[in-house]
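The values are calculated or read from the model by the stated rules, or taken from the named source; none is laboratory data. Since the structure is predicted, the reported quantities are computational estimates derived from the model, not experimental observations. Backbone-built Cβ (ideal geometry, glycine too); neighbour counts: all protein chains shown. In case anyone asks, the SASA skips ligands and DNA or RNA and just uses the protein heavy atoms, side chains included. Shrake-Rupley method; radii C 1.70, N 1.55, O 1.52, S 1.80 Å.
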Amino acid sequence: MKTIEVDGIKVRIQIWDTAGQERYQTITKQYYRRAQGIFLVYDISSERSYQHIMKWVSDVDEYAPEGVQKILIGNKADEEQKRQVGREQGQQLAKEYGMDFYETSACTNLNIKESFTRLTELVLQAHRKELDGLRTRASNELALAELEEEEGKAEGPANSPKTCWC
Ligand SMILES: Nc1nc2c(ncn2[C@@H]2O[C@H](COP(=O)(O)OP(=O)(O)OP(=O)(O)O)[C@@H](O)[C@H]2O)c(=O)[nH]1
């Protein structure tokens, strides 16, 4: 659990670091179901980890809730001398999937706060949109119900079908 401030609002976030290894996949997938935001992380010094991102994306698409927010991360940005994945490759992949992209470093703290703040912001935005949608639908339904009630009144006793013919 961590509390961060986004747009002046204090938000408490729960962070799960899922295992990347294949043998833990059954457990990992269970975390997807409850996630609102996901970082897809590769290591800039490993081309293989970058190639794996496509698989992660398809797993997320399959197991995570529909509105889940995703950000692509190229971690270990401090390991410039070992770099195998260009920054543009990360940007390009993120663009293809419609995600934001950050290069980060857990060692130098590069973009750690920024990426967490951004993901939280995206989750909040999505949540607000969903709530606004629900509110609009609810108020439309209410308006419709009121209209129907009004129409009912307009029909009134004079217009309503006679139940008694005497
Ligand atoms: N240089 C550098 N090393 C890092 C960075 N982040 C993590 N590491 C190192 O990379 C290794 C793996 O880190 P983990 O946090 O265990 O990686 P992980 O992806 O959670 O690993 P799994 O859960 O086993 O998939 C550790 O030795 C870390 O110290 C970073 O930004 N820069």
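Could you pull out the residue among Glu62, Glu66 that is part of a helix (DSSP H, G or I) and free of Cβ contacts under 8 Å to residues at least 12 places away in the same chain?
The unique qualifying residue is Glu62.
May I ask you to list the residues in region 93-112 that are among the aliphatic types (A, V, I, L, M) and either under 19 Å from the mean Cα position of the chain (by Cα) or not in a loop (DSSP other than H, G, I, E, B) (or both)?
If we filter region 93-112 for residues that are among the aliphatic types (A, V, I, L, M), which is where we start, we get 93-94, 99, 106, 110, 112.
Of everything in region 93-112, those that are among the aliphatic types (A, V, I, L, M) and either under 19 Å from the mean Cα position of the chain (by Cα) or not in a loop (DSSP other than H, G, I, E, B) (or both) turn out to be Leu93, Ala94, Met99, Ile112.
In region 1-29, which residue that is under 17 Å from Gln69 (Cα atoms) and open to solvent by 100 Å² or more (accessible area, probe 1.4 Å) is farthest from the ligand (Cβ to nearest atom)?
Arg12
Gly90 fails exactly one of the following numbered conditions: (1) touching a Phe, Trp or Tyr at 6+ places or on another chain (Cβ under 9 Å); (2) outside any helix (DSSP H, G or I); (3) not charged (D, E, K, R). What is the number of that condition?
Every listed condition holds for Gly90 apart from (2).
Please specify each residue of region 89-117 satisfying the condition of being open to solvent by less than 20 Å² (accessible area, probe 1.4 Å), under 25 Å from Lys129 (Cβ atoms) and within 16 Å of the ligand (Cβ to nearest atom).
Correct list: Ser115 only.
Taking the conditions exactly as written (out of contact with any Ser or Thr (no Cβ under 6 Å at 6 or more places or on another chain), open to solvent by 90 Å² or more (accessible area, probe 1.4 Å) and without any contact (Cβ under 8 Å) to a residue 24 or more places away in the chain), does Glu141 satisfy them or not? Please lay out each step first, then the result.
Details: out of contact with any Ser or Thr (no Cβ under 6 Å at 6 or more places or on another chain): yes; open to solvent by 90 Å² or more (accessible area, probe 1.4 Å): yes; without any contact (Cβ under 8 Å) to a residue 24 or more places away in the chain: yes.
Against the criterion (out of contact with any Ser or Thr (no Cβ under 6 Å at 6 or more places or on another chain), open to solvent by 90 Å² or more (accessible area, probe 1.4 Å) and without any contact (Cβ under 8 Å) to a residue 24 or more places away in the chain), Glu141 qualifies.
Looking at region 81-88, can you tell me whether even one residue there is near the ligand (Cβ under 10 Å from one of its atoms) and surrounded by fewer than 20 Cβ atoms within 10 Å (Cβ to Cβ)?
At the first step, the residues of region 81-88 found to be near the ligand (Cβ under 10 Å from one of its atoms) are 82.
From what's left, surrounded by fewer than 20 Cβ atoms within 10 Å (Cβ to Cβ): 82.
There is at least one residue in region 81-88 that is near the ligand (Cβ under 10 Å from one of its atoms) and surrounded by fewer than 20 Cβ atoms within 10 Å (Cβ to Cβ).
May I ask you to verify whether Asp78 is acidic (Asp, Glu), open to solvent by 40 Å² or more (accessible area, probe 1.4 Å), within 13 Å of the ligand (Cβ to nearest atom) and not in a strand (DSSP E or B)? Full working, then the answer.
Numbers: acidic (Asp, Glu): yes; open to solvent by 40 Å² or more (accessible area, probe 1.4 Å): yes; within 13 Å of the ligand (Cβ to nearest atom): yes; not in a strand (DSSP E or B): yes.
Yes.
Mind listing whichever residues of region 43-71 are more than 15 Å from the ligand (Cβ to nearest atom), closer than 24 Å to Ser105 by Cβ and either open to solvent by less than 20 Å² (accessible area, probe 1.4 Å) or β-branched (Val, Ile, Thr) (or both)?
Val57, Val60, Ile71
Of the residues in region 17-41, how many are under 15 Å from the mean Cα position of the chain (by Cα) and more than 17 Å from Met54 (Cβ to Cβ)? Show your work before the answer.
Of all residues in region 17-41, those under 15 Å from the mean Cα position of the chain (by Cα) come to 31-40.
Add one more test, that the residue is more than 17 Å from Met54 (Cβ to Cβ), and what stays is 31, 33-37.
The qualifying residues number 6.
Within region 32-45, does at least one residue satisfy the condition of being in contact (Cβ under 8 Å) with a residue 60 or more places away in the chain and among the charged types (D, E, K, R)?
Checked region 32-45: no residue is in contact (Cβ under 8 Å) with a residue 60 or more places away in the chain and among the charged types (D, E, K, R).
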